[in-house]
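Encoded as structure tokens, the structure appears first; notes follow it.
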Amino acid sequence: MKDTDIKQIAPIHISTAASSLSLAVTMANHIFAVIVVFLSCLAPSVAQGKNIVILAPHPDDEVLCCAGIIYNALQQGNSVTIVVVTNGDFSGVSSGLEREGETISGMAVLGLSEQNVIFMGYGDQALQGLYRSTSPTTVITSPAGQTQTYATRGLGGVSYHQYLTGVPGPYNRQTILSDMEAMLQNLQPSDV
């Protein structure tokens, strides 16, 4: 090969089924979000007086999936609460905290106050570990190195577990199920 020839760099292959599945799920989520936003613009108006909870796996999903629904519901006088389950902190805690701020800013544009956003505070990509754990009390470590819920924005400026109990919750199945049940009982949504 001459110096003037273009040298090819061997591609990096990710061969694990989990990585392929994760990419496929992410792509499907984004396509679904675009469809939902488009359809929400076409949707007829909803009745007033509803208590709507938008459940988002991680920060930005609430906007990608439901911005039109959120805006329309607020314009019609409905109550809307955003519940973000994970921090989106796969790249680190600072990234997760930054994404919290982005969620709050995005919701403010739509007219939703910070106190109507709940951050459950669980680690990004930690939910499957919680689901598959052999014991409901086994504490797992998130990819960001965290073992308990955290948040600095949203309702009370803390994770939902800490808002309810005064202390962060351990990353285990028992805690997340308890937090989700408490959220549904406390908010009593008409629509999720």
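The values are calculated or read from the model by the stated rules, or taken from the named source; none is laboratory data. All of these numbers come straight from a predicted model, not from anything done at the bench. Counting neighbours? That spans all protein chains shown, and the Cβs are built from the backbone with ideal geometry, glycine included.
Summary table below
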quantity	calculated
Filtered residue count, segment 72-86, keeping only those that are in a helix (DSSP H, G or I) and touching a strand residue (DSSP E or B) at 6+ places or on another chain (Cβ under 9 Å)	2
Subset of segment 145-167 (residues that are among the small types (Gly, Ala, Ser) and surrounded by 13 or more Cβ atoms within 10 Å (Cβ to Cβ))	151, 154, 156, 157, 159
Search result, residues across segment 78-98 that are within 25 Å of residue 191 (Cβ to Cβ) and either of a type in the set (Ser, Thr, Tyr) or modelled with pLDDT of 95 or more (or both)	78, 79, 80, 81, 82, 83, 84, 85, 86
Residue within segment 121-144 that is crowded, with 22+ Cβ neighbours inside 10 Å and among the β-branched types (Val, Ile, Thr) present	no
Subset of segment 59-79 (residues that are on the phi > 0 side of the Ramachandran plot and either hydroxyl-bearing (Ser, Thr, Tyr) or over 20 Å from the mean Cα position of the chain (by Cα) (or both))	77
